[in-house]
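The structure appears below as structure tokens.
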Amino acid sequence: MIEDKKIVIIGGTGALGRTLIKRYYDENKIIVFSRDEHKHVDLMKEYTNIKSHLGDIRDKDRLDRAMEEVD
């Protein structure tokens, strides 16, 4: 079980990402990395204690910034 960690979920606004958020949200700090801004907004309304990073997996600099905070 993953507890008390900072987790980046790449593609967090998609179906698998949302499932992972639902599973790990209560015990961890969740950082979502995805390119869909509209879905980020919807996700943050539902899960108020997540951090959002907007970007594409092909953009190494944006991904590196999101990964700085993980355990």
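Every number in this text was worked out from the coordinates using simple rules, so none of it is lab data. Bear in mind the structure is a predicted one, so any value in this text is a computation, not a measurement. Glycine also receives a Cβ, built like all others from the backbone with ideal geometry; neighbour counts cover every protein chain displayed.
General observations
- Between 57, 2, 50, the distinction of being within 12 Å of the chain's Cα centre (by Cα) and of a type outside the set (Asp, Glu) belongs to 50 only.
- Counting only helices (runs of 4 or more DSSP H) that fall entirely inside the chain and contain at least 3 residues that are without any contact (Cβ under 8 Å) to a residue 12 or more places away in the chain and surrounded by 11 or more Cβ atoms within 10 Å (Cβ to Cβ), the qualifying elements are 15-24, 37-46.
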